[in-house]
Amino acid sequence: MAKAIPEWFRNAVFYEIYPQSFRDSNGDGIGDFGGIIEKLDYVKSLGVDGIWLNPCFDSPFQDAGYDVRDYRRTAPRYGTNADLERLIAEVHERGMRILLDLVPGHTSLEHPWFKSAVSRTKTRYDNYYVFTDGPDPDQDGYPFISGYGERDGFYMTNYFYSQPALNYGFSDPKPECPWQMDFRDERLKPLREEIRKVMKFYLDAGCDGFRVDMAFSLIKGKAGRDEALKELWLDWSSWMKSEYPEAVLVAEGGRPDLAFDCGFDSDFLLSWGSPKRANRAMFRAEAYEYYTNRLKPDTPRSFFSRESSGNSRDFMDEVEALLAHDGGEARFSIVTGNHDVTRLCRNRDANDLKVAFAFIFTMPGRPFLYYGDEIGMRYLEKAGNVEGSYGRGGGRSPMQWERGNKAGFSDADPEKFYIMPDPDPERPCVADQENDRDSLLNFTRRLIELRHAHPALGAEGKLRRIVSEYADAPLVYERELHDERFLVALNPAAKAAALEIALPGEGAPEQLVGVGEVSVTRKLGTTSVAMSGVSAGVFRL
Ligand code: TEU
Ligand code: CA
């Protein structure tokens, strides 16, 4: 059974920092630990409780660091291990927490384990990766790379060709494929122990847990895979929870129900992972276009768009099913975006974003804010491929702190920046938005502040759907905890909306935050909600 969530995590809000793009402190054009430290007061000012830092470990950077060469050493371009410890201490000094990115599914081709495993000689690392027993034609549909290294066999990849899959075994090994080892095979234990020690290494260095990359990719197979994953993860998670009761694990799994059973404290509600991925993509405030473009052309677009042709019902159904599964603990995270998807800002203006944020920060769970989304940073279509970003580079551009061609990101010549900055001189920046009461930045701060001031609006408040059945908005729900009740009404569509809802009580409730015009009037047992196009309101009942 899953262990309880630590107190600090109960109503936590996170900020994702992509280290190479946040702030460069030594003028080489690449963000680093020192740069993040310089900006921690800003991060704190957002009201967030924790940071998720993308991989910062030694790597040949063929997938921006998701190809680890040495789990126990930070990438020199970000700083030393001691610098990382200093960052952790500075985060803690400000009363925040920090999650590192654990990548247990694969390493880089340059990891010593792989170099050893792929060599001609037999070594203790031979079973660390999935290799065929020879130039075996029966690859059973798995992705293998042939013709690399001296070993008489092919290696399985987990993502890019440069990310060989670590071997945690198969849930349904096929006798005709002897290279498929049973996930309980004793020979696989040393790798599991290594990864446990990597977690211990960083927990001892003070980090507060991990975001776990591709958490459910570890065990291969079809039949019985979920059960095998539970066994693997419960082993690690229960160890971690007993040794480090304050630490948390957040899965990148896209399956919060399975993640709960594995002992994770949360999982991202991503477009993939769900049999209903189309519904998630239509609704979530992450990646809509990115994913919908890959869906059939007649797939409706995001609910959070001015034509608002997606419906919110299927997504809310899924959220309710998840809440039922985890006993109301809401072990899922809705994100504004991440380093893999298009920025939410694509095809949306600041008001559209405010409506989406009003949703994200008043829903159950533990939301994650992707760096730069709080100022509406744009998706750069022309970013190109940088360190294996391929289609994803547009959302990884340098953080825009101030005006000017360097955006306060670095002292280096912008030509030397790690990745292309937004070329538009009118691009949004922190400095401008700090001074504007109505900016997206200050709106985001108010939402996060509200969420903390009123736990009913936070992770574990009860969610009651009032309206979610229309294909063209609005979405109305109630949040409740102890003696506090709030009404949230969202109309992302361009056209105005008016509806009557069943909501006991009299008088006009107080509006706490909003965008556009939303009025709620209650008379003789009927409540009328009138909303302008592109509007949102949070009301105290
Ligand atoms: O991504 C896992 C994932 O499954 C991806 O499909 C993701 O949805 C995709 O990149 C979108 O194009 C994780 C990391 O977040 C990603 O950055 C890494 O490249 C990947 O694992 C491999 O480690
Ligand atoms: Ca630097």
Open item on the list: Distance between the C-alpha centers of the range 315-362 and the range 368-408? Whole Å please.
Closed with: 20
Task: Dimensions in Å of the range 27-132 - Rg and Dmax from alpha carbons - done: 16.8, 55
Task: Separation of the residue 172 and residue 82 label points, Cα + 7 Å toward Cβ, nm - done: 5.3
Open item on the list: Assuming 0.36 nm per residue, please report the length gained on full extension of the stretch residue 223 to residue 465 beyond their Cα-Cα distance.
Closed with: 83.5 nm
Task: GluC sites (Glu not before Pro) restricted to DSSP loop in the range 158-259 with at most 10 other C-beta within 10 Å - done: 176
Open item on the list: Testing the spin-label approximation: label points 7 Å from Cα along Cα→Cβ at residue 426 and residue 484. State their distance in nm.
Closed with: 3.9
Open item on the list: So if I place +1 on the C-beta of Lys and Arg and -1 on the C-beta of Asp and Glu, and nothing else carries charge, what would the dipole magnitude of the range 388-507 be about its Cα centre? I want it in debye, nearest 20.
Closed with: 320
TODO: Run the dipole for the chain about the Cα centre, Lys and Arg Cβ at +1, Asp and Glu Cβ at -1, nothing else charged, and hand back the magnitude in debye, nearest 20.
DONE: 480
- [ ] Would you rank 125, 155, 42 by solvent-accessible area, highest first, keeping every protein chain in place and using a 1.4 Å probe?
- [x] 125, 42, 155
- [ ] Just grab the label-to-label distance for residue 500 and residue 152, each label 7 Å out from Cα along the Cβ direction, in nm (one decimal).
- [x] 8.2
Open item on the list: Past the 20 angstrom mark, what percentage of all C-alpha to C-alpha distances in the range 421-527 do you count?
Closed with: 53
Open item on the list: Expected output is a single nm value to one decimal: the length gained when fully extending between residue 231 and residue 184, i.e. 0.36 nm times separation in residues minus the C-alpha distance. What is it?
Closed with: 16.0 nm
TODO: Give the calculated FRET efficiency between residue 523 and residue 321 to the nearest 0.05, with a Förster radius of 35 Å applied to their Cβ-Cβ distance.
DONE: 0.50
Task: Descending principal axes extents, the range 307-440, alpha-carbon based, whole Å - done: 53, 38, 30
TODO: Just round it to a whole percent: the fraction of Cα-Cα distances in the range 106-167 exceeding 15 Å.
DONE: 40
Task: Ranked by how many other beta carbons lie within 10 Å on average, peptides 56-62, 341-347 from highest - done: 341-347, 56-62
- [ ] Mind ranking 202-208, 410-416, 163-169 by how tightly packed they are, going by the mean number of other C-beta atoms within 10 angstrom, highest first?
- [x] 163-169, 202-208, 410-416
Open item on the list: As a test of the formula, what do you get for the chain when each DSSP H run with n ≥ 4 contributes -39,500 (n - 2.57) and the sum is divided by the residue count, at 222 nm and rounded to the nearest 500 deg cm²/dmol?
Closed with: -7000 deg cm²/dmol
Task: Neighbourhood net charge (14 Å Cβ-Cβ; Lys/Arg +1, Asp/Glu -1) for residue 167 - done: 0
Task: Two-decimal log10 I(q)/I(0) for the chain, as the Debye equation yields it once each C-alpha is a single scatterer, q = 0.05 Å⁻¹ - done: -0.20
Open item on the list: Whole angstrom only: what separates the Cα centroid of the range 19-39 from the Cα centroid of the range 113-160?
Closed with: 37
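The values are calculated or read from the model by the stated rules, or taken from the named source; none is laboratory data. This is a predicted model, so every value here is computed, not measured. Here Cβ is always computed from backbone atoms with ideal geometry, including for glycine, and neighbour counts include all displayed protein chains. Ligands, DNA and RNA are stripped out before the accessible areas are found, and what is left, the full protein with its side chains, is counted by its heavy atoms. Shrake-Rupley method; radii C 1.70, N 1.55, O 1.52, S 1.80 Å.
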